[in-house]
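S.K.: What follows is a single structure, and I will ask about it in a moment.
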Amino acid sequence: GAPNVSTAAAVREQHGHDESMHPCAPPDAVVWPRSVGQVQELAALCYRRRVPMVPFGTGTGLEGGVNAVQGGVCFDLSRMDTIAELSLEDFSVTVEPGVTRKALNSHLCGTGLWFPVGTVGMG
């Protein structure tokens, strides 16, 4: 329920396009899961009901991948923003999908490591 679900037109339109030239195709609803378990439950529900699922990060894509051309439910993953583990020894970090490049670099400040601009997968 609210504030983790919205069917408001403005919210749906915000989540129905990215930085591409494709026209807006809003989902039927937007949800903000906060855990892997919630994503699993939502995905299972959508699967059972045959409802399309559209993942949404920051909306900075250039391919139109967030456009809900068949409607469905948009999973806005921005609230899943935990940096779970950092290993300086092997230069690896485990993050949730809502972690942005800027947040990660802020976390890495002082370690001698950084996540460079232009790497796929981080907003």
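S.K.: Would segment 84-106 turn up any residue that is open to solvent by 70 Å² or more (accessible area, probe 1.4 Å), among the hydrophobic types (A, V, I, L, M, F, W, C) and either touching a helix residue (DSSP H, G or I) at 6+ places or on another chain (Cβ under 9 Å) or within 15 Å of residue 17 (Cα to Cα) (or both)?
M.R.: Within segment 84-106 (the criterion being open to solvent by 70 Å² or more (accessible area, probe 1.4 Å), among the hydrophobic types (A, V, I, L, M, F, W, C) and either touching a helix residue (DSSP H, G or I) at 6+ places or on another chain (Cβ under 9 Å) or within 15 Å of residue 17 (Cα to Cα) (or both)), the answer is no, since none of the residues qualifies.
S.K.: So, of the residues in segment 50-60 that are in contact with a Phe, Trp or Tyr (Cβ under 8 Å, 6 or more places away or on another chain) and open to solvent by 50 Å² or more (accessible area, probe 1.4 Å), which turns out to be modelled with the lowest pLDDT?
M.R.: So the residue we want is 55.
Yes/no matrix, rows are residues, columns are (1) assigned to a helix (DSSP H, G or I); (2) modelled with pLDDT of 95 or more:
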{"residue": "2", "(1), (2)": "no, no"}
{"residue": "19", "(1), (2)": "no, no"}
{"residue": "48", "(1), (2)": "yes, yes"}
{"residue": "62", "(1), (2)": "no, no"}
{"residue": "75", "(1), (2)": "no, yes"}
{"residue": "84", "(1), (2)": "no, no"}
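The values are calculated or read from the model by the stated rules, or taken from the named source; none is laboratory data. What you see is a predicted model, and the numbers here were worked out from it, not measured in a lab. Quick reminder, even Gly has a Cβ in these numbers, built from the backbone with ideal geometry, and neighbours come from all protein chains shown. Ligands, DNA and RNA are excluded from the accessible area calculation, which covers all protein heavy atoms including side chains. Shrake-Rupley method; radii C 1.70, N 1.55, O 1.52, S 1.80 Å.
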